[in-house]
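To start, the structure under review is shown below, and the notes come after it.
The values are calculated or read from the model by the stated rules, or taken from the named source; none is laboratory data. Predicted, not measured: the structure shown is a model, and the values here were computed from it. Cβ placement follows ideal geometry from the backbone for every residue including glycine, while neighbour counts extend to all protein chains displayed. Heads up: the accessible areas ignore ligands, DNA and RNA and are worked out on the full protein's heavy atoms, side chains in. Shrake-Rupley method; radii C 1.70, N 1.55, O 1.52, S 1.80 Å.
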Amino acid sequence: QAAIQASRLAERFEFTGWVSPEKVLRRFASCDILFMPSRREGLPVTGLQALAMGLAIVASRVGGFTELVDEGRNGCLAEPGDLTGFTQALRELLSDPALLRRFRDASLIKARAFDLEAVAQAYHQVVQSVLSR
């Protein structure tokens, strides 16, 4: 938090602690980036919500984030605990509004692959394929 203050970026960050799922979507509406330096994840619902809201994602290279983030396109992944990697990714996005916009637009496009209708259709096709054998 001190580094954020020293860099004069305090108005762009909010340290919320835990918030309810309903509040997550309301908060995402005013955000640009989802930053999740997790040590472990499954398929993070928060990451899916961030995609659907068009946020760029900076996260750890763990669990489902490897499916949600196309590196260099809609976000950046770093190894868990890689402070330098996270810092570089955040600095790049926060200092380049055009890059941030491209990443956010790419997240909206990537979100389509996780649309419930698209996922249900994909499952349906797999089941039909198995049944037709």
>> Explain nothing, just the number: dipole magnitude of the chain about its Cα centre with +1 on each Lys and Arg Cβ and -1 on each Asp and Glu Cβ, in debye rounded to the nearest 20.
In response: 80 debye
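I'd like the carbon and sulfur percentage of the solvent accessible area for segment 60-133, probe radius 1.4 Å, heavy atoms only, ligands and nucleic acids excluded.
Numbers: 2630 of 4790 Å².
Here it works out to 55 percent.
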>> At a threshold of 8 angstrom on Cα-Cα distance, excluding pairs fewer than six apart, so keeping six or more, what relative contact order does segment 22-81 reach in percent?
In response: 34 percent
> Once the Cα atoms of helix 97-111 and of the chain are each reduced to a long axis, what angle between those two axes, in degrees from 0 to 90 to the nearest 10, is obtained?
Replying inline: 20 degrees
> Where is the GNM fluctuation largest for the chain (alpha-carbon springs, 10 angstrom cutoff): Ala118, Ala89, Ala98?
Replying inline: Ala118
> With r defined as the distance between the Cβ atoms of Arg26 and Val126 and R0 fixed at 25 Å, what FRET efficiency is calculated, to the nearest 0.05?
Replying inline: 0.10
> Fully extended, how many nm does the chain gain between Leu48 and Ala3 (0.36 nm per residue separation, minus their Cα-Cα distance)?
Replying inline: 13.3 nm
>> Give me the percent relative contact order of segment 28-118, please, defined on Cα pairs under 8 angstrom at least 6 residues apart.
In response: 30 percent
> Any idea of the accessible area per residue across segment 45-103, 1.4 Å probe, to the nearest Å²?
Replying inline: 46 Å²
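Using a Förster distance of 25 angstrom, determine the FRET efficiency expected from the C-beta separation of Arg73 and Ser38, and round it to 0.05.
Details: r = 20 Å, r/R0 = 0.81.
Efficiency at R0 = 25 Å is approximately 0.75.
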> Hey, in the GNM for the chain with a 10 angstrom Cα cutoff, which one of Ser95, Ser60, Ser38 fluctuates hardest?
Replying inline: Ser95
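Could you work out the helix-only [θ] at 222 nm for the chain, with each DSSP H run of four or more residues adding -39,500 (n - 2.57) and the total divided by the number of residues, to the nearest 500 deg cm²/dmol? If you can, show how the numbers build up before the last one.
Working: 7 runs with 69 residues, N = 133.
Only helices count here, giving -15000 deg cm²/dmol.
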> More than 18 Å apart: what percent of Cα pairs in segment 1-87 qualify?
Replying inline: 45 percent
